[in-house]
Amino acid sequence: MRSIAVYPGSFDPITNGHIDLLERALKIFDKVIVAIAANPDKKSLFTMEERFEMIKTSLADHPLKERIKIDLFNGLLVEYVQSIPAKTIVRGLRAVSDFEYEFQMALMNRKLNADIETAFIMTGMRWIYISSRIIKDVVRSGGNVSGLVPVIVEKALAERLTSLTEYAD
Ligand code: PNS
């Protein structure tokens, strides 16, 4: 039986930290589904389709791409996971500060569906301080994020955040 894990997130946008986590998950699972959440509570910079395209381009030449699927989902994560069907959700942990939110989500997901487990994987030390939010903050303020996100993301951030500044002016 092939093991399948779902790696959900906002991926607004994908960072090299996310890709590191995905690669670590691929050491454990045969197939990993990168699942982009609609997440109506969060105001996103990129549409779901833009996020999908950026992930697709970033992973287009990945040596393990045959074992990776990129997908979009709406509504409850556990329902999406069950529809695959899969039994494992993978989430990354960077620091203690992630723990409370992750713990709460994992327990709520378990309450919603006791057959699905959440597996936490430690992010590589190189990426411990980055998040999509901090990357956006840095670009918005004119900082350089090269090496922290895929090239396509770097370009998209520069375009999107520059045009936002122009619009605000
Ligand atoms: O990258 P993020 O924003 O930390 O990812 C959060 C995500 C998308 C995994 C979470 O918000 C989610 O699972 N959303 C789907 C709706 C849902 O199932 N909510 C209940 C989980 S507690």
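Structural remarks
- GNM top mover of PHE99, PHE73, PHE11 - the chain, alpha-carbon springs below 10 Å: PHE99
- Residue-averaged [θ]222 nm for the chain, counting only DSSP H segments that reach four residues, each worth -39500 (n - 2.57): -14000 deg cm²/dmol
- Relative contact order (%) - the chain, alpha-carbon pairs under 8 angstrom, separation at least six: 28
- Order of SER132, SER146 - criterion: other Cβ atoms within 10 Å of each residue's Cβ, fewest first: SER146, SER132
- Each Cα pair under 8 Å and six or more residues apart adds its sequence gap; the mean of these over the residue count of the stretch 21-113 is a relative contact order of 30 percent.
- Here is the list for the stretch 9-49: trypsin sites (Lys or Arg not before Pro) lying in DSSP coil, each with at most 15 other C-beta atoms within 10 angstrom of its C-beta, are LYS42, LYS43.
- Share, in percent, of DSSP beta bridges within the stretch 1-136 that are antiparallel, nearest 5: 0
- Taking only the C-alpha atoms of the stretch 1-146, the Rg (one decimal) and the largest Cα-Cα distance, Dmax (whole number), read 14.9, 49 Å.
- Local net charge near THR88, Cβ-Cβ under 13 Å (Lys/Arg +1, Asp/Glu -1): +2
- Once backbone amide H atoms are built at 1.01 Å from N, VAL90 has VAL6, TYR7, ALA119 as its partners under 5 Å, excluding neighbours fewer than 5 places away on the same chain.
- Across the stretch 145-162, coupling constants 3J(HN,Hα) worked out from phi with the 6.51/-1.76/1.60 Karplus curve, θ = phi - 60°, read 10, 5, x, 9, 9, x, 4, 4, 6, 4, 5, 4, 5, 4, 5, 5, 7, 5 Hz, and Gly and Pro carry x.
- Most mobile of THR15, THR57, THR123 in a GNM of the chain (Cα contacts under 10 Å): THR57
- Sites matching GluC sites (Glu not before Pro) across the stretch 97-169 that sit in DSSP coil, with at most 15 neighbouring C-beta atoms within 10 Å: none
- Derived scalar couplings ³J(HN,Hα) [the stretch 118-133; Karplus, 6.51 cos²θ - 1.76 cosθ + 1.60; whole Hz; x for Gly, Pro]: 9, 10, 9, 10, 6, 5, x, 3, 4, 10, 4, 9, 9, 8, 4, 5
- Scanning residues 5 or more positions from ASN39 or on other chains, those with amide H under 5 Å from its amide H are GLY75, with H placed 1.01 Å from N in the peptide plane.
- For the stretch 56-71, 3J(HN,Hα) per residue [Karplus equation, 6.51 cos²θ - 1.76 cosθ + 1.60, θ = phi - 60°, Hz, x = Gly/Pro]: 4, 5, 4, 9, 4, 9, 5, x, 9, 4, 5, 9, 10, 10, 10, 8
- Beyond 16 Å, the tail of the calculated P(r) for the stretch 97-161 holds 60 percent of the Cα pairs.
- Choice from VAL90, VAL151, VAL81 showing the highest fluctuation, given a GNM over the chain with Cα pairs closer than 10 Å: VAL151
Taken together, the values in this text are just the output of simple stated rules run on the coordinates, not laboratory data. Keep in mind it's a predicted model, so treat the numbers as computed, not measured. Glycine also receives a Cβ, built like all others from the backbone with ideal geometry; neighbour counts cover every protein chain displayed.
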